[in-house]
Amino acid sequence: MKELESELHTAITRGDHEHLLCIFEQIYNEYYKLVFFLIGKYIDDNEIVKDLVDETFINFYNNVSSLKTSIKYYLLRSAHNLAINYLQKNRKNVQFADEDISNLVIDSSQYKSHISYTELVSDLLKVLSDKEVNIILLHVVEGYSFKELEQLVGIKSKTLNKVYERAIKKYRSSRKHL
């Protein structure tokens with residue numbers, strides 16, 4: 001992974017467009033299934049999923065020169081955001097059972113038996129920063145361990161754990177005031 005990121009950075013700084021295309025093809029082949037799987041968790045229509053996967057990689061290619069995170073993290077975050085935007089535009093909801101968000105909610109009786117993903121994200125963003133919300137969603141909803149997140153985000157797992165714990169406390173505290 002790091003080797004691919006290093007090659008990518010070198011190709012960008014040298015302005016080697018041909019090598020950049022070769023690296024992009026490697027990245028596409030390496031991450032296509034993962035991005036497809038992630039978007040497919042939210043959207044049932046394979047044609048739409050394929051379109052959003054392609055859009056994810058196009059966005060990556062267009063923004064590769066300003067990449068500040070790992071390739072994997074950028075692709076997963078971009079895919080996640082595109083899927084959510086698609087769902088919001090088409091007013092489709094992804095349903096998560098209360099158990100999936102039990103770590104976030106003090107009193108789950110405040111929610112119906114299911115909460116839409118967009119409602120959850122909206123509720124979290126009212127109180128937490130984008131970074132905190134992303135860590136929570138990747139850990140709780142997507143199921144990444146802090147060790148896996150360390151590789152995705154490039155932040156030590158202990159730091160991620162602390163950010164997560166503080167964000168949960170902040171969110172729970174805000175729920176008490178409702």
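We did not get these values from a lab; they are worked out from the coordinates using the rules stated. A quick note: this is a predicted structure, and the numbers were derived from the prediction, not measured. Here the Cβ positions follow ideal geometry from the backbone for every residue, glycine too, while neighbour counts run over all protein chains shown.
The label-point distance for residue 65 and residue 24, in a model that sets each label 7 Å from Cα toward Cβ, rounds to 1.2 nm. On the basis of the beta-carbon distance and an R0 of 30 Å, residue 37 and residue 127 show a calculated FRET efficiency of 0.50.
Model label points for residue 142 and residue 158, set 7 angstrom from Cα along the Cα-to-Cβ axis, are 2.4 nm apart. Placing dummy labels 7 Å off each Cα toward the beta-carbon, the span from residue 10 to residue 84 is 3.6 nm.
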